[in-house]
């Protein structure tokens, strides 16, 4: 086992974990680093593995909310008691919010759009600038709607914003939080709903790619590399998401506006 190769996978696991949940686009950053650094790495498989680490981190972070929603969903189905109704409705709003991006994701996959984008890294730079603009527009917005005030219209609008996050360079978390805040949701409500949508979308994306991983030739050495990248992605995602939640609640999105603008412009000008 090569220590240098292990460091490469550790680095990419860190990049995935650090950028997955903050509004800077993890897929866009992986493409940028792929262009900057010559790495003999199966990026598609690595993205699935590290995304799984991020997914587990989000599930752990929101475990209490998830357990409560499951209780409400099945509790209402069984008893129809009023105390479960709001949580039951919220579960269906998660499903509804995932439909636009889910349908578009299938279309994007069929057309192999990402491969075309990857051949023009400047599109990733432009997408980062678009993310910066979206975040700048809503940086001072303060909504009033809580978790159980979300309507069908709100859910669909956030779902349509999530479509933007399918494209490398446009942050999924950023676009859905922007969508939620423009719909009048409180900052933390928009944050939570964004990551409730992330879970089923991420599971679906992983299931679509799992066949490719199983059909690929994996050595024990490669499996160790993947496991290390997965573990780092999980830990870093957990820590960064907690930090990002505080940033959102304090209304400090301007930090990400500056970052996305600078990196996006550098990519456009020099890559």
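Just so it is clear, none of the values below were taken in a lab; they were calculated from the coordinates. Every value quoted in this text rests on a predicted model; they were computed, and no experiment measured them. With ideal geometry, Cβ positions are generated from the backbone for all residues, glycine too; neighbour counts draw on all protein chains shown.
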(message) For the list (1) over 30 Å from residue 269 (Cβ atoms); (2) crowded, with 18+ Cβ neighbours inside 10 Å, I need the number of the one condition that residue 161 fails.
(response) (1)
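Tell me, which helices (runs of 4 or more DSSP H) lie completely within the range 25-106 with 3 or more residues that are more than 24 Å from residue 210 (Cα to Cα) and without any contact (Cβ under 8 Å) to a residue 24 or more places away in the chain? Write out each step before concluding.
Numbers: elements: 26-36, 43-61, 63-79.
Ranges flagged: 63-79.
Condition test on residue 77, is it surrounded by 15 or more Cβ atoms within 10 Å (Cβ to Cβ) and out of contact with any strand residue (DSSP E or B) (no Cβ under 8 Å at 6 or more places or on another chain)? Give the derivation first.
Values: surrounded by 15 or more Cβ atoms within 10 Å (Cβ to Cβ): no; out of contact with any strand residue (DSSP E or B) (no Cβ under 8 Å at 6 or more places or on another chain): yes.
Spelling it out, it is not the case that residue 77 is surrounded by 15 or more Cβ atoms within 10 Å (Cβ to Cβ) and out of contact with any strand residue (DSSP E or B) (no Cβ under 8 Å at 6 or more places or on another chain).
Does residue 248 count as assigned to a helix (DSSP H, G or I), in contact (Cβ under 8 Å) with a residue 24 or more places away in the chain, over 19 Å from residue 53 (Cα atoms) and within 17 Å of the chain's Cα centre (by Cα)? Before you say what the answer is, go through the steps one by one.
Numbers: assigned to a helix (DSSP H, G or I): yes; in contact (Cβ under 8 Å) with a residue 24 or more places away in the chain: yes; over 19 Å from residue 53 (Cα atoms): yes; within 17 Å of the chain's Cα centre (by Cα): yes.
Yes; evaluated as a whole, the condition is true for this residue.
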(message) Scan the range 210-230 and tell me whether some residue there is within 13 Å of the chain's Cα centre (by Cα) and either surrounded by fewer than 21 Cβ atoms within 10 Å (Cβ to Cβ) or not in a helix (DSSP H, G or I) (or both).
(response) no
(message) So, residue 207, is that one out of contact with any helix residue (DSSP H, G or I) (no Cβ under 7 Å at 6 or more places or on another chain) and either more than 13 Å from residue 245 (Cβ to Cβ) or outside any helix (DSSP H, G or I) (or both) or not?
(response) yes
(request) Output the residues belonging to the range 137-149 that are out of contact with any strand residue (DSSP E or B) (no Cβ under 7 Å at 6 or more places or on another chain) and either crowded, with 17+ Cβ neighbours inside 10 Å or not in a helix (DSSP H, G or I) (or both). (result) 138, 139, 140, 141, 142, 144, 146, 147
(request) Would you tally the residues in the range 42-58 being over 14 Å from residue 227 (Cα atoms) and surrounded by 18 or more Cβ atoms within 10 Å (Cβ to Cβ)? (result) 3
(request) Any chance you could count how many residues in the range 1-21 are touching a residue at least 12 places away in the same chain (Cβ under 8 Å), buried (at least 22 other Cβ atoms within 10 Å of the Cβ) and within 14 Å of the chain's Cα centre (by Cα)? (result) 4
